[in-house]
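Asks: The structure that follows is given in the form of structure tokens.
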Amino acid sequence: MDLPSIFLLPISTARILYASVFMVVGSFFIPYLSLRKQKVKKGESLFFSLLCVASGIWLYEIVYHYSYGPESLSLFVRELGRIDFFGIFFNSSSCYNILPVLPASCDSVFPIVWSLIIVLLPLLAYKRMRLNRYFLAAFFGGIGIFVIWILVGFPQFFAPGWCSNWTGCTSLISYAPQERTVVAYLANSFSKVLMLAPALLFLPNNRRYKREI
């Protein structure tokens, strides 16, 4: 069995990790089942579960994007100004910019403002959220994996792999090219646990939940 077949879905047109699918499914069912146990209506539970899926995906995308490090301060400022969310899906070559003194072109500019809005959408149900150890473990565990990933050279399983601007192509450990690919798949897969963080906020407070039962 070759390495990609262990980590990637058998789809020829896309490179999707099994870990991504598991985290998306978990991001939906964790809040849905938890909210249903708290007697929340099906429609409301479904709505907030879908928000958690979107929030988890974009939380991961933000951390992944900035793990490469900002190319320049001016580009980062342009990213703060970009508000064209749909352009990233339709390969739009222009966008609105809330900072008119900057160039209007938004090619390859990450929409950080829109991404943060999406990440924060589950807060609409803040009354149903509980800060808990599972959220902390997923959030800081995911961030920790990214830090280690960057320190070992931030290897990727696609070409070109690029290097992180934080450390360049240097690595704390040396390994053969084939081992680099293994590290890339492992880091990319395990870091996906970060996607679960928003959903885990909907787990009920254990003490309170036991008293209600």
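The values are calculated or read from the model by the stated rules, or taken from the named source; none is laboratory data. Because the structure is predicted, anything quoted here is derived from the model rather than measured. Methodologically, a virtual Cβ is constructed for each residue, glycine included, from the backbone with ideal geometry; neighbour enumeration extends over all protein chains shown.
Asks: What's the number of the condition Arg180 fails, among (1) in contact (Cβ under 8 Å) with a residue 40 or more places away in the chain; (2) of a type outside the set (A, V, I, L, M, F, W, C); (3) surrounded by fewer than 19 Cβ atoms within 10 Å (Cβ to Cβ)?
Replies: Of (1) in contact (Cβ under 8 Å) with a residue 40 or more places away in the chain; (2) of a type outside the set (A, V, I, L, M, F, W, C); (3) surrounded by fewer than 19 Cβ atoms within 10 Å (Cβ to Cβ), only one is false for Arg180: (1).
Asks: Still on this structure, please answer the following. Can you go through Leu124, Leu186, Leu136, Leu172 and tell me which one is farther than 30 Å from Leu9 by Cα, assigned to a helix (DSSP H, G or I) and either modelled with pLDDT under 80 or over 14 Å from the mean Cα position of the chain (by Cα) (or both)?
Replies: Leu124
Asks: Right, next: I'm checking my understanding of the structure. Among residues of segment 27-55 that are polar (S, T, N, Q) and touching a residue at least 40 places away in the same chain (Cβ under 8 Å), which one is farthest from Leu120 (Cα to Cα)?
Replies: Gln38
Asks: Would you pick out the residues in segment 190-213 that are modelled with pLDDT of 95 or more and in a helix (DSSP H, G or I)?
Replies: Of everything in segment 190-213, those that are modelled with pLDDT of 95 or more and in a helix (DSSP H, G or I) turn out to be Phe190, Ser191, Lys192, Val193, Leu194, Met195, Leu196, Ala197, Pro198, Ala199, Leu200.
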